[in-house]
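The values are calculated or read from the model by the stated rules, or taken from the named source; none is laboratory data. Computed from a predicted model, the values in this text were never measured in an experiment. Reconstructed Cβ throughout: ideal geometry from the backbone, glycine too, with neighbour counts over all protein chains shown. Ligands, DNA and RNA are excluded from the accessible area calculation, which covers all protein heavy atoms including side chains. Shrake-Rupley method; radii C 1.70, N 1.55, O 1.52, S 1.80 Å.
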Amino acid sequence: MLPTLPRQTWAWAFYDWANSAFATVVIAGFFPVFFREYWSRDVASSEITFHLGLANSAASVAIVVLAPVLGAIADSAGIKKRLLLLFATLGIAMTGAFFWLAAGEWQMAALLYVFASIGFMGGNVFYDSLLVNVAEQRHYDFVSAFGYALGYLGGGLLFAFCVAMTIKPAWFGLSGAAEAVRLSFLLTAVWWALFSLPVLLWVQEPKPLTRGGLVREIAGGFAQLYRTFHEIRRLRVLSLFLLAYWLYIDGVDTVIRMAVDYGLSLGFGTNQLITALLITQFVGFPAAVVFGRLGERYGTKRSIEFGIAVFIVVTILGSMMQKTWHFYAIAVIIGLVLGGVQSLSRSFYARMIPAGKSAEFFGFYNMLGKFAAVIGPALMGGAAVLTGDQRLAILSLLILFVAGGVLLYFVDEQAGIAAAKEL
C-alpha cells in the first residue's frame, strides 16, 4: 500500500513528520526543563510554574479564538495552504530564536514559546483540513494514521539525536548540555522548515468558485463562521461526536500532560521519564499505521472505542504501578493506541463534515482540542486534594473515558455522513 500512495499524500503526511519535532523536542521534551533550570534559574519555583502555565494558556486561548474564524476565511478564500505557510513560518522562526536566548531571559523565552505554540497549533488547523484534498473518503483512516505514524517516527528520531547530544555533548564538539539543548531548538526549526516543503509544493488545493478582495474575503469568512455555528447545531450526529470527542480526548491529553508530573510524584527520575517518552514515540510509529488498517477493516468507530477501552485499562494500571518496568510497560501500551485514537478521530470527523467546508469545521475540531485537558487536570487536582493520594487521583480520569466512550457508542456514522451531504 505504501509505495502506491500518491505523491501529494506523502507530501501531506510529511508535514506531520516536520512539525511533530516541535511537539516532541520542545513541548514534551526540553522546553519545560530548560525554562525552569536555565532561563528561570533565579526565579522561585512557584512563579516558574505560574509563568509556564500562563504561556501555555495564552497560546491555547489565541487558537481557540482564531481557529474557527481563520478556518472559515480559508474555505471562503481558498487559502488553506497560505495560512498553513504563515503559521508554520511563525512557529519555525520563534523556535529557532530560542538558540540565541541567554540564561535568565525567562520573559523572552515565555513570549517566544507562546508564538511558537500558536504557529504549531494554528498550522495544524489547515493541515488537518487538507486531509480531504489528498485522500479518497474510503482511505481517510489509513492516510490520517499514516500522517501520525510519520510524526511519531520523525519526532522520535530527532528527539533521540538531541538527547544523545545532551548526554554526550563532547562527542558533538559542544561545551555542555546547555549548549546541546539550545542547538536542539535550532535543529528543530530547521527540521520543521525542511520537511514542510513537500506539502507546500505538491498538495493541490481547489480554487474557490469566486474570489473577491481581501476585505470581502474576510467578511465572507465571518459570515460563513456564523452559518457554521448553526450548521453544527443542525448536524446532531456530528454535534454528539464532538461532545464525545471533547470528553475522551480530554482524558487522553491529561494522561499525556500529567504523565511526567505523576511519574515524578512516584519517585521516577528524569532519565526514566525521557526513556518512556522515546518508547512511546517509536512504538507509536508502527502502531498508528496498524490502527489505520483496523479502522478500514473493522470500522473507525469500533477501533476508536477499542482505543478508549485500552486507555481505561492504562488508567487503572497507572494507579497501581510500583516499579520502573511498570512505567515502561505502560508507555508501550499508550504508544500502541495513542496515535490510533487521535488519527481515527480526525478521519471519522472528516467523513461527517459538509463538502467544501473542511477548514472551518476543522477549526471547531481543533478548538475543542485546545479546550481538552481542562476538565482532566481539575479532576485529578481535586481528587488529590480530597484524598491526599495521587494514585486515587488518576482514577478520576475514568469519568472522562467512560462518558466519552458511551456517547461515542450512540454516534451513527452513516446518519452523520448522510446529514452532511444534505447541507
Item to complete: Please work out the ratio of the alpha-carbon Rg of region 311-423 to 2.2 N^0.38 Å and round it to two decimals.
Response: 1.32
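If Lys and Arg each add +1 and Asp and Glu each add -1, what is the summed charge of the other residues whose beta carbon sits under 14 Å from the beta carbon of Q107?
-2
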Worksheet entry | Solvent-accessible surface (1.4 angstrom probe) belonging to R182, in square angstrom, nearest 10 | 50 Å²
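Work out, step by step, the length gained on full extension between H230 and D389: first 0.36 nm times the residue separation, then minus their alpha carbon distance; give nm to one decimal. Present the calculation step by step, with values, prior to reporting the outcome.
On the way: separation 159, 0.36 × 159 = 57.24 nm, distance 4.43 nm.
The H230-D389 span can extend by a further 52.8 nm.
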Practice prompt. Provide the three semi-axes, in whole Å and in decreasing order, of the ellipsoid equivalent to region 27-141 as defined by the square roots of 5 times the Cα gyration tensor eigenvalues.
Written response: 33, 13, 13
Worksheet item: With r defined as the distance between the Cβ atoms of Q322 and F161 and R0 fixed at 30 Å, what FRET efficiency is calculated, to the nearest 0.05?
Response: 0.40
Worksheet entry | Near-label residues of region 144-178 by backbone N, under 14 Å of a point 7 Å along Cα→Cβ of E37 | 163-169, 176-178
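Using a 1.4 angstrom probe on the protein heavy atoms only, line up W325, W192 by accessible area, largest first.
So the residues, ranked largest to smallest area, are W325, W192.
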Practice prompt. Compute the FRET efficiency between R82 and E179 as 1/(1 + (r/R0)^6), taking r as their Cβ-Cβ distance and R0 = 30 Å, and round to the nearest 0.05.
Written response: 0.25
Fill in: Accessible-area ranking of T387, T324, T280, T188, largest first, probe 1.4 Å
T387, T324, T280, T188
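How big is the Cα convex hull of the chain in projection, averaged over all directions, in nm²? Walk me through the numbers on the way to the answer.
Numbers: hull surface 81.2 nm².
So the mean shadow area of the Cα hull is 20.3 nm².
Helix-only estimate, please: 222 nm mean residue ellipticity of the chain, summing -39500 (n - 2.57) across DSSP H runs of length 4 or more and dividing by its residues, to the nearest 500. Can you show the working numbers first?
Values: 19 runs with 331 residues, N = 423.
It comes out at -26500 deg cm²/dmol, rounded to the nearest 500.
Pull out a ≥ b ≥ c, the square roots of the eigenvalues of the alpha-carbon gyration tensor of region 95-168, then state rounded if a/c is under 1.5, prolate if not and a/b is larger than b/c, and oblate in the remaining case.
Numbers: a/c = 5.12, a/b = 1.72, b/c = 2.97.
The shape class here is oblate.
Do any of K81/K301; K301/K357; K207/K357; K168/K323 go past 20 Å between their Cα atoms, and which?
K81/K301; K301/K357; K168/K323
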